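Enquirer: Quick one: the structure is below, questions incoming.
The values are calculated or read from the model by the stated rules, or taken from the named source; none is laboratory data. This structure is a prediction, so every number in the text was calculated from the model and none was measured. Quick reminder, even Gly has a Cβ in these numbers, built from the backbone with ideal geometry, and neighbours come from all protein chains shown.
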Amino acid sequence: MIDDIVGLLAFANPGFFLIVAGLFSVIARGTLARAACLLGGPVLALIALVYGGEWASDLSAMNFAGLKLILYRVDSLSLVFGLAFIIASLICGVYSLHREDWLQDSTALIYAGAAVGAVFVGDLISLFIFWELTAVASLFQVLARRTPEASQAAMRYLAFQIASGVLLLAGVAMRAGQTGIIAFADMAIPGASPPVGVIDISSPGAVVILAAFAIKAGFPLLHNWIQDAYPKASETGTVVLSAFTTKLAVYALARCFAGLDALIWIGAIMTVFPIFFAVIENDLRKVLSYSLTNQVGFMVAAVGFGTELAINGAAAHAFVHVIYKSLLFMTMGAVLLRTGTTKASELGGLHRTMPWTALFCIIGAASISAVPLFSGFVAKSMTMSAAHSSGEWIVWILLLFASAGVLEHSGLKVPYFAFFGHDSGKRPEEAPFNMLFAMGMAAALCVGIGLFPGWLYQLLPYRDLAEEYLAQDLFSTSHVIEQFELLTFAVLAFLLLRRWRMYPEERPGVILDVEWLWRKGGPAALAWLGRPGGFAAAAWETTVTSLGKGVFAGVFQVFAPGAWVSRKFPLTAAAVWTVLLLGLVAALVMFSSL
Amino acid sequence: MTDTPPPEEESPAVEPRQPVEPIQLGEPGEHPLSVLLFSWMRSEQFGRFLLGCVAAACAALFVGDVLLARHGPPSIESLPGFMGAFGFAAFALVILSGFPLGRLLRRPETYYDPPPPETPPTIAPKRRKGGRDD
């Protein structure tokens, strides 16, 4: 019996335990049953990971359409990301105990399980399956707040996630059709451990796959779905959303495109531009969403450098970022729950009645700012060292600039304007105990990793190099003094600018970003084209619209509710269009490979 | 003969001891942890005190940077005080850019999601004479 259980744990992808817990939570009612699912799922997943089978071997596989799908394969790269996701799902589960919402509970667990599952699969098709599952499950985290703004943001969010999924499917199909190789281990250089950067950018389907990853990572111009959707979710939904999708994309980039030079510059740009938006943004959860893009930029740049030190830095940064970003979003979620707002212009002085939340926020802020002895320092240092060693001085300067910038928006602005600053007069109750406990867990990890980074460094992809870095460089006198110097002089600038009243006031409003193109510019352009009497309107109406209407009417006639096909099979026209579009993509790919 | 005792000197009147009012720490209703950790930050002198401490820390770090023995080829970041100057300048640049960027990019909160149109108040229909409620 025990052997059977151990066997199941050793050969089962840990993500499955989270997904099953999510399915059970649909019917779980009452705190005990909910806790059993929300906490039991991550605990089982963690036990499965600990008792996992031999590394770098196909622990679970199945055949599909002549291809071998590797459903469970562990190596030192996937271990770090998977462990971070499991810990995040446990913390999110504790954080969510105060409110009973089966939709959020179940989709959060399924979302986490899909992310964990994705990092532990061994081939591109299995990755695609879990990739799509994260998209569908996470959608409900945005929808769950049940406001008109959240619903509309969810539709825009879904468009980006579907685009990413369709591109990934197309790229994988192109690759499978032309090379027949989909397993990461088979694509890697023989002997590479772990296999990273397994896809050559010039190989079939590579650019399309990279585009899919770019959307989920939030590359420049593709980033705004994060700032649009995340702040509109519930107080727990935003925490869940922040933990998985973007770091899953970082994992995928590391697995497939480590060492791609373009990622260095893309990552560097990602670290810089969000800083300027975060300075003037009023909604503190949106500030943290811009901060998320900024931090992912460090990871993307590290993946681009591709050296062993850089890959260690990317993996370590992803691990600590999952925890301290969750902590920061949890503190803002507590503020949202108690005050109904996270707008800096409406907050201030909350430390009087929410001191624990304020303290945890300060710990999260210190971590994200890479203050020595906090978790961000032990991870970001490797990325900065890798950038320094690469000789790319402009990139190093940009990353250094971003390091000072992150202190502004996440290190100082979020805790200062929420909990200190001017007194808003609000005297809300402290956060519920479960929220405080979850924040405490995350804060303890932030401090623990900062004080004792050795245990994290032992998990990194290149363990020996990490331990050497820990022994010689991380806490060297020059490194610590330089980091303190960077941050302390930045704090001096903050104090002087506040004293001289040269700090921009927090004002209500939305900040224009690239989303303007599809939320205002695009509809306005279409309206101008379609204005009555216009030549373009006439041409549009007589040719494209008539053709489109005719085709749609024909499809609707056959597949409408009550029509012949719908009486036989429960399909809707929308579902049929989705299938047709996917089929068109697949057909194009197949014909292009002949 | 008895000596009359000298009249007792009248002891100066002793005012009854006023009850000592407890020192008010924090504000009414303030969480005890906040009283312990944060209440002292609200004093008027704290701002100057904090600025002084940070300035002193900056000076100490600069001295430490100058005295630091560096190995390897010289580079820009090995210049004493470079990291401090860079941190100060970068932070100031980010903050000051907020003024023009805010004027350029900020729009009203209803820019993308206009509020729903106000529904006009409904006018109750007139009741007919001879109805039940008359």
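Enquirer: Would a scan of region A:62-71 turn up a residue that is in contact with a helix residue (DSSP H, G or I) (Cβ under 9 Å, 6 or more places away or on another chain), surrounded by 24 or more Cβ atoms within 10 Å (Cβ to Cβ) and under 14 Å from A:I19 (Cβ atoms)?
Expert: There is no residue in region A:62-71 that is in contact with a helix residue (DSSP H, G or I) (Cβ under 9 Å, 6 or more places away or on another chain), surrounded by 24 or more Cβ atoms within 10 Å (Cβ to Cβ) and under 14 Å from A:I19 (Cβ atoms).
Enquirer: How about region A:173-206: which of its residues are touching a residue at least 12 places away in the same chain (Cβ under 8 Å) and in a helix (DSSP H, G or I)?
Expert: A:A173, A:M174, A:R175, A:A176, A:G177, A:Q178, A:T179, A:F184, A:A185, A:M187, A:A206
Enquirer: Please verify whether region A:406-427 includes one or more residues that are more than 27 Å from A:E281 (Cα to Cα) and at pLDDT 95 or above.
Expert: Scanning region A:406-427, I find no residue that is more than 27 Å from A:E281 (Cα to Cα) and at pLDDT 95 or above, so the answer is no.
Enquirer: Here is a follow-up. Which of the residues belonging to region A:213-235 are of a type outside the set (A, V, I, L, M, F, W, C), closer than 20 Å to A:Y251 by Cβ and assigned to a helix (DSSP H, G or I)?
Expert: Result: A:K216, A:Y230.
Enquirer: Now, a different point. Using the structure shown, decide if A:L241 is at pLDDT 95 or above, among the aliphatic types (A, V, I, L, M) and part of a loop (DSSP other than H, G, I, E, B). Let's see the steps before the verdict.
Expert: Numbers: at pLDDT 95 or above: yes; among the aliphatic types (A, V, I, L, M): yes; part of a loop (DSSP other than H, G, I, E, B): no.
Taking the combined requirement at face value, the residue does not satisfy it.
Enquirer: Considering only region A:251-261, I want to know if a residue exists there that is under 12 Å from the mean Cα position of the chain (by Cα) and touching a residue at least 60 places away in the same chain (Cβ under 8 Å).
Expert: Looking for residues that are under 12 Å from the mean Cα position of the chain (by Cα) and touching a residue at least 60 places away in the same chain (Cβ under 8 Å), one finds at least one in region A:251-261, hence yes.
Enquirer: Consider only pairs whose beta carbons are under 9 Å apart and that are at least six residues apart or on different chains; among these, list those whose first residue lies in region A:428-439 and is under 15 Å from A:E235 (Cα atoms) and whose second residue is of a type in the set (D, E).
Expert: Cβ pairs passing all conditions: A:M435/A:E235; A:L436/A:E430.
Enquirer: Going through region A:437-480 one residue at a time, which ones are within 12 Å of chain B (Cβ to nearest Cβ) and either buried (at least 20 other Cβ atoms within 10 Å of the Cβ) or of a type in the set (S, T, Y) (or both)?
Expert: Once the filter is applied, which keeps residues that are within 12 Å of chain B (Cβ to nearest Cβ) and either buried (at least 20 other Cβ atoms within 10 Å of the Cβ) or of a type in the set (S, T, Y) (or both), region A:437-480 yields A:S476, A:T477, A:S478.
Enquirer: Could you grab me the full set of residues in region A:24-42 that are closer than 19 Å to A:F140 by Cβ and out of contact with any helix residue (DSSP H, G or I) (no Cβ under 7 Å at 6 or more places or on another chain)?
Expert: The answer is A:I27, A:R29.
Enquirer: Next question, about the same structure. Mind checking whether some residue in region A:508-525 is in a loop (DSSP other than H, G, I, E, B), touching a strand residue (DSSP E or B) at 6+ places or on another chain (Cβ under 8 Å) and in contact (Cβ under 8 Å) with a residue 60 or more places away in the chain?
Expert: yes
Enquirer: Given the options A:A159, A:A170, A:A150, A:A163, name the one that is away from every other protein chain (no Cβ under 14 Å), more than 22 Å from A:V119 (Cα to Cα), at pLDDT 90 or above and assigned to a helix (DSSP H, G or I).
Expert: A:A159
Enquirer: From A:V142, A:V136, which residue is without any contact (Cβ under 8 Å) to a residue 60 or more places away in the chain and within 30 Å of B:Y112 (Cβ to Cβ)?
Expert: A:V136
Enquirer: Take the residues in region A:481-507 that are aromatic (F, W, Y) and free of Cβ contacts under 8 Å to residues at least 40 places away in the same chain, then tell me which one is nearest to the other protein chains (Cβ to nearest Cβ).
Expert: Only one residue fits best here, namely A:F489.
Enquirer: What are the residues in region A:370-414 that are in contact (Cβ under 8 Å) with a residue 12 or more places away in the chain, within 13 Å of chain B (Cβ to nearest Cβ) and farther than 24 Å from B:A92 by Cβ, if any?
Expert: Hits for region A:370-414 are A:S385, A:S389.
Enquirer: Between a first residue in region A:415-426 that is in contact (Cβ under 8 Å) with a residue 40 or more places away in the chain and a second residue that is of a type in the set (D, E) and not in a loop (DSSP other than H, G, I, E, B), which pairs have beta carbons less than 9 Å apart while being 6 or more apart in sequence or on different chains?
Expert: What qualifies is A:S424/A:E346; A:K426/A:E346.
Enquirer: Residue check: is A:V395 buried (at least 18 other Cβ atoms within 10 Å of the Cβ), at pLDDT 95 or above and under 16 Å from A:W265 (Cα atoms)? Lay out the reasoning, then the answer.
Expert: Working: buried (at least 18 other Cβ atoms within 10 Å of the Cβ): yes; at pLDDT 95 or above: yes; under 16 Å from A:W265 (Cα atoms): yes.
Yes, satisfied.
Enquirer: Quick one: which residue in A:L465, A:L456 is in a helix (DSSP H, G or I), farther than 24 Å from A:P274 by Cβ and in contact with an Asp or Glu (Cβ under 6 Å, 6 or more places away or on another chain)? Spell out the reasoning first.
Expert: Working: A:L456 fails: in contact with an Asp or Glu (Cβ under 6 Å, 6 or more places away or on another chain).
Among A:L465, A:L456, only A:L465 is in a helix (DSSP H, G or I), farther than 24 Å from A:P274 by Cβ and in contact with an Asp or Glu (Cβ under 6 Å, 6 or more places away or on another chain).
Enquirer: Output the residues belonging to region A:14-41 that are part of a helix (DSSP H, G or I) and basic (K, R).
Expert: Narrowing region A:14-41 to residues part of a helix (DSSP H, G or I): A:14-24, A:31-41.
Once the filter is applied, which keeps residues that are part of a helix (DSSP H, G or I) and basic (K, R), region A:14-41 yields only A:R34.
Enquirer: Within region A:72-87, identify whether any single residue is assigned to a helix (DSSP H, G or I) and among the hydroxyl-bearing types (S, T, Y), and answer yes or no.
Expert: yes
Enquirer: Would you mind stating whether A:F552 is of a type in the set (F, W, Y), modelled with pLDDT under 90 and surrounded by 14 or more Cβ atoms within 10 Å (Cβ to Cβ)? I'd like the intermediate steps shown before the answer.
Expert: Numbers: of a type in the set (F, W, Y): yes; modelled with pLDDT under 90: yes; surrounded by 14 or more Cβ atoms within 10 Å (Cβ to Cβ): no.
Taking the combined requirement at face value, the residue does not satisfy it.
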